[in-house]
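The values are calculated or read from the model by the stated rules, or taken from the named source; none is laboratory data. Fair warning: this is a prediction, and the values are worked out from it, not measured in the lab. Note that we place each Cβ from the backbone using ideal geometry, even for glycine, and neighbour counts take in every protein chain shown. Each accessible area value is taken on the protein alone, full model and side chains, heavy atoms only, with ligands, DNA and RNA left out. Shrake-Rupley method; radii C 1.70, N 1.55, O 1.52, S 1.80 Å.
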Amino acid sequence: MQKFDTFSGVAAPLQIDNVDTDRIIPARFLKTIKRSGLGTALLYPLRYHADGSERPDFVLNQPRYRKAGILIAGENFGCGSSREHAPWALLDFGIRCVIAESFADIFYNNCFKNGILPVVLPKSEIARLTECAERGANAVFTIDLAKQEITDPDGRTLTFEIDPFRKHCLLNGLDDIGLTLEKAPAIATYEQAARQTQPWLFK
Amino acid sequence: MSKPLTLFDKIWNHHVVDRQKDGTCLIYVDLHLIHEVTSPQAFEGLRSAGRPVRRPDLTLAVADHNVPTTDRRFGITDPESLLQVETLGQNCAAFGIRYFDMGDIRQGIVHIVGPEQGLTQPGMTIVCGDSHTSTHGAFGALAFGIGTSEVEHVLATQTLIQRPASNMRVTVSGRRGKGVAAKDLILGIIGQIGTAGGTGHVIEFAGQAVAELSMEGRMTMCNMSIEAGARAGLIAPDEKTFAYLLGRPMAPKAGAWEMALAYWKTLPSDPGAIYESEVTLDAGAIAPQVTWGTSPQDVAAIDGTVPDPADQADPRRREAMERALSYMGLAPGMNLRDIHIDTVFIGSCTNARIEDLRAAAAVVKNRHVADSVRALVVPGSGLVKNQAEAEGLDRIFIDAGFEWREPGCSMCLAMNADKLKPGERCASTSNRNFEGRQGPGGRTHLMSPEMAAAAALAGRLADVRELV
């Protein structure tokens with residue numbers, strides 16, 4: 001996994017609540033056996049007309065946000081399906097950080113597995129960041145995960161909360177499976193005990 | 001005396017393999033269900049790292065999202081869908097995983113297959129790369145959806161890295177009225193608490209109206225707990241749960257059954273257990289529900305009207321409602337019963353079990369679908385289809401003008417050929433009315449099987465209470 005330590009980029013404001021994963025990447029784009037190449041379908045129904053042409057007014061289609069690396073969203077971002085194609089599509093587009101008032105649980109979790117930092121901030125802070133982001137390509141934000149700080153284009157910094165273990169994994173780009181396999185003896189001990197108490201789970 | 005525990009606490013504590021100082025846990029997974037859409041990249045990851053599947057015996061695969069619901073003899077014509085389904089078969093063969101392929105009578109929607117086979121059991125931890133894994137909570141199993149990276153993690157280690165959820169209890173007291181189904185209860189709950197109302201929580205459904213539901217109805221409720229934002233839904237196992245499981249092909253047998261039963265009976269929440277959040281509803285006050293917007297929380301009683309965004313104080317909420325009504329092609333103040341429909345879909349992991357088909361068939365028996373309506377019944381599994389045919393339900397549906405299809409996810413998410421055309425309006429028993437969910441530009445109204453059946457007959461949203 002790509003690690004996340006500091007990141008600087010333009011932030012695209014997406015002032016919509018309850019952006020569901022069907023909107024982030026519709027089901028018809030899930031017919032793939034790869035993780036890559038989903039960026040063109042990111043936020044498809046918001047980005048494109050039914051005939052596939054771009055909606056010029058949509059934020060990511062505006063020249064100043066085409067290279068956005070940060071998304072600023074509203075409440076309950078990523079609700080709905082568990083599809084990891086949603087963070088894959090964000091990453092493929094170039095988004096490394098999503099800042100929102102709140103996230104749906106599965107999406108939030110999936111971000112950490114893909115080197116994307118999801119940041120939860122209160123409504124008032126989101127409103128302030130959105131104001132800055134509306135200045136477009138000249139407004140660069142910097143995120144420092146180690147310090148848990150976001151610096152806005154005016155040089156103001158604000159801090160955010162994050163689970164220490166997830167922070168550690170993201171900072172170091174750690175492979176969860178590798179970490180867990182170090183605990184293989186504990187897993188084997190659990191299985192030994194379960195074999196006695198719940199033999200019906202062992203064929 | 002030890003601290004009283006909830007059903008969730010008990011299952012969680014039982015499955016902790018390792019607990020870090022910061023509270024992050026490694027929990028053991030008792031059942032891992034996989035399907036063709038969210039597993040290929042996980043197997044690819046295992047291959048590139050040279051890792052085996054730790055417990056293929058606790059893993060079951062079934063193809064459901066992409067499969068055609070028309071004549072199976074023609075196979076899958078869409079090359080991308082075919083590749084996903086074939087890849088699943090190859091991965092299962094290579095890693096020694098049980099697989100119900102398209103030709104297997106047990107094939108169906110993964111969340112219908114697990115319970116039907118008796119694989120889903122109380123007290124288990126169950127995961128699947130699909131958010132509607134919450135369905136299995138109806139048995140008092142802790143069941144939730146995971147992403148593909150976690151699918152790979154479970155395949156490799158049979159565990160997941162998780163932090164415990166908070167406990168929430170939703171108590172539905174009293175009795176359901178005539179024509180009111182489990183679907184109406186859960187839609188009513190989502191309407192009350194919102195699509196983020198359960199975020200970070202596991203919801204335990206309790207109360208007389210929940211206890212009175214069949215296992216099928218309980219599965220419908222837990223299925224949609226994800227639509228309330230919850231990590232999982234749970235219902236305490238009881239005699240109905242045990243009776244449902246007894247004798248199922250993969251349920252514990254003989255001596256193991258007694259041992260399992262004794263354990264399952266210890267699972268219900270202790271008196272005095274603490275819930276961080278509590279919600280109560282009166283089942284008697286819940287009328288049949290339909291959604292009018294593009295989120296499951298956009299729901300109202302069938303005898304109501306389309307709400308007016310102008311009544312919303314919050315500008316963001318007002319904008320969202322305006323967008324939803326524009327997408328849905330509806331005007332504020334319209335009677336919901338005046339909304340005409342083009343399509344009816346009876347199916348999905350929410351409502352494609354035998355009881356759902358019986359309920360819909362009872363409404364359409366000796367009646368006929370409105371001329372302008374295309375109506376589909378997609379049974380949840382091959383075994384549900386067989387059972388329905390043995391009961392003559394297929395004849396009732398076909399005589400009423402429905403198409404009788406092969407099992408799969410179908411028009412719930414339109415990954416196969418079953419989809420709405422732009423602007424088409426559907427009365428659907430599925431779980432999500434998001435924009436484009438049933439096909440780009442398609443318009444979805446969620447409701448119970450009884451209500452979808454009534455809509456099919458009327459050609460518009462209708463109140464099933466006038467028919468039963």
For region B:231-283, state what percent of all Cα-Cα pairs lands in each successive 5 Å bin, counting from 0 Å until the bin that includes the largest distance. 4, 14, 21, 21, 16, 11, 9, 5, 0
Of A:3/A:123; A:147/A:183; A:203/B:253; A:183/B:21; A:3/A:34, which sit over 23 Å apart, Cα to Cα? A:3/A:123; A:147/A:183
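Would region B:401-468 count as rounded, prolate or oblate if I go by the C-alpha gyration tensor, calling it rounded below 1.5 in a/c and otherwise prolate when a/b exceeds b/c, oblate otherwise?
Note, shape of region B:401-468 comes out prolate.
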For the pair residue B:331 and residue A:131, the simple spin-label estimate (label points 7 Å beyond Cα toward Cβ) gives in nm 4.0
Given a Förster radius of 35 Å and the C-beta distance between residue B:403 and residue A:123 as r, what FRET efficiency does 1/(1 + (r/R0)^6) yield to the nearest 0.05? 0.15
Under Karplus coefficients 6.51, -1.76 and 1.60, residue-wise ³J(HN,Hα) of region A:192-198 in Hz, glycine/proline x: 4, 5, 5, 4, 7, 7, 10
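Over all residues in A:12-23, what is the mean tally of Cβ atoms on other chains that come within 10 Å of each residue's Cβ?
Details: counts 0, 0, 0, 2, 4, 8, 10, 1, 9, 3, 9, 5.
The shielding value for this peptide is 4.
Round to the nearest 0.05 the FRET efficiency obtained for residue B:16 and residue A:8 when R0 = 41 Å and r is the Cβ-Cβ distance. Walk me through the numbers before you get to the answer.
Values: r = 40 Å, r/R0 = 0.97.
My answer for the efficiency is 0.55.
Mind checking the mean number of beta-carbon atoms from other chains within 10 Å of the Cβ atoms in B:196-202? Mind dumping the intermediate values first?
Numbers: counts 11, 1, 1, 8, 4, 1, 0.
Mean inter-chain Cβ contacts per residue within 10 Å come to 4.
May I ask you to give the percent of accessible area on chain A that is carbon plus sulfur, with a probe radius of 1.4 Å?
Carbon and sulfur: 51 percent of the exposed surface of chain A.
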For q = 0.13 Å⁻¹, what log10 I(q)/I(0) does region B:10-121 give under the Debye formula with an equal point scatterer on each alpha carbon and no solvent? -0.59
Can you give me the orientation-averaged projected area of the convex hull built on the Cα atoms of chain A, in nm²? 13.8
Tell me which residues come under 5 Å, amide H to amide H, from residue B:408 once H is placed; ignore anything under 5 positions away on its chain. B:109
What aspartates and glutamates does residue B:183 reach when the alpha-carbon gap must be under 19 Å and sequence neighbours fewer than 8 apart in one chain are set aside? B:204, B:212, B:216, B:227, B:282, B:298, B:303, B:355, B:356, B:450, B:463, B:466
Taking only Cα atoms of region B:207-305, the Rg to Rh ratio with Kirkwood Rh works out at 1.04
Under 23 Å from residue B:178, Cα to Cα: lysines that are on another chain or at least 8 residues apart: B:240, B:365
At 4 °C and a viscosity of 1.567 mPa s, what translational diffusion coefficient does Stokes-Einstein give for the protein assembly as shown, taking Rh as the Kirkwood radius over Cα pairs? Give it in µm²/s as a whole number. 51
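Antiparallel DSSP bridges in the protein assembly as shown: what percent, to the nearest 5?
Numbers: 26 of 79 bridges.
Taking every DSSP beta bridge within the protein assembly as shown, about 35 percent pair in antiparallel fashion.
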Mind giving me the nanometre distance, one decimal, between the label points for residue A:140 and residue B:254, set 7 Å out from Cα along Cα→Cβ? 7.3
Projected onto the charge dipole of the protein assembly as shown (+1 at Lys/Arg Cβ, -1 at Asp/Glu Cβ, origin at the Cα centre), which of A:112, A:56, B:281 gives the Cα projection farthest towards the positive end? A:112
Per DSSP helix of 4 or more residues, -39500 (n - 2.57); summed, then divided by the residues of chain A. What does that give at 222 nm, rounded to the nearest 500? -8500 deg cm²/dmol
Chain B pair-distance distribution - Cα-Cα, 20 Å bins, rounded %: 25, 58, 16, 0
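Would you tell me the mean number of C-beta atoms belonging to other protein chains that fall within 10 Å of each C-beta in B:124-136, as a whole number?
Details: counts 2, 0, 0, 1, 1, 5, 3, 10, 2, 2, 0, 0, 0.
The shielding value for this peptide is 2.
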Computed helical MRE - 222 nm, chain B, DSSP H runs ≥ 4 contributing -39500 (n - 2.57), nearest 500: -9500 deg cm²/dmol
Between residue B:395 and residue A:49, take the C-beta separation as r, use R0 = 35 Å, and let me know the FRET efficiency to the nearest 0.05. 0.20
Alpha carbon centre of region B:19-58 versus region A:1-53: separation in Å? 25
